[in-house]
Amino acid sequence: MKMHPLVFASILLISDLALNFTSSRILKFLGIDLLFFSSWLSGIKYGILDGFIISLALLLGHSIVHINKNKFILFSLPAQFSAVILGYFLGESGFLKSLLVYQLINTGLMVVLGGIGPLFLIFLLTNTAFNIILYKIWVLVF
């Protein structure tokens with residue numbers, strides 16, 4: 001039975017917010033979030049339109065939690081949408097390709113915004129590793 005997109009989005013949003021509050025208090029840097037994985041999975045499960053809506057809701061929630069970094073977060077919208085589209089067209093087997101494209105788009109956006117530096121490199125490594133771990137758990141459980 002397929003979960004309604006609103007229920008799915010609510011679970012993801014609550015999970016992302018809890019993860020962000022926890023990681024921002026304990027780890028003090030970004031990179032451990034559900035933005036890529038949720039957008040990618042939404043594209044697979046619900047298609048492009050619902051995936052975009054879910055992705056946008058998560059992006060807005062994420063930017064509220066990290067208000068001092070929301071310029072960078074909100075400008076990652078093209079990366080989020082690429083995850084939805086690639087999830088839809090490539091499916092689960094396209095995870096690594098989707099993650100690579102997502103990170104390349106994010107890196108390009110950070111170059112344009114002047115956000116490249118040591119903190120972004122930490123974000124990139126942490127975020128990539130976290131998403132690979134999430135994917136491996138996803139494959140084992142589902």
Assertion target for LEU99, LEU140, LEU90, LEU58, ordered by fewest C-beta neighbours within 10 angstrom first, is LEU140, LEU90, LEU99, LEU58
Farthest toward positive dipole pole in the chain [+1 Lys/Arg, -1 Asp/Glu at C-beta], among SER76, SER38, ASN20: ASN20
Would you mind computing, in nm to one decimal, how far apart the modelled labels at LEU96 and PHE75 are, each placed 7 Å from Cα along Cα→Cβ? 3.1 nm
How do ASP50, ASP16, ASP33 line up, fewest other C-beta atoms within 10 Å first? ASP50, ASP16, ASP33
Phi-based couplings in Hz for the range 133-142 (Karplus 6.51, -1.76, 1.60; Gly and Pro marked x): 4, 4, 4, 5, 5, 4, 5, 5, 7, 10
For the chain, the Cα gyration tensor yields equivalent-ellipsoid semi-axes (√(5λ), largest first, whole Å) of 22, 17, 15
Integer Hz, Karplus 6.51/-1.76/1.60 couplings in order for the range 81-87, x for Gly and Pro: 5, 5, 5, 4, 4, 5, x
Partner aspartates and glutamates for LYS71 [C-alpha distance under 20 Å; skip if fewer than 8 residues away on the same chain]: ASP16, ASP33
How about LYS2: which lysines have a C-alpha closer than 18 Å to its C-alpha, ignoring those fewer than 8 places off in the same chain? LYS45
Compare LEU86, LEU74, LEU59 in a GNM of the chain, Cα atoms joined below 10 Å, and give the one with the largest fluctuation. LEU74
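Computed from the coordinates by the stated procedures, all read-outs in this text should not be read as laboratory data. Given the structure is predicted, the values throughout are model-derived calculations rather than measurements. Glycine gets a Cβ as well: all are built from the backbone with ideal geometry, and neighbour counts include every protein chain shown.
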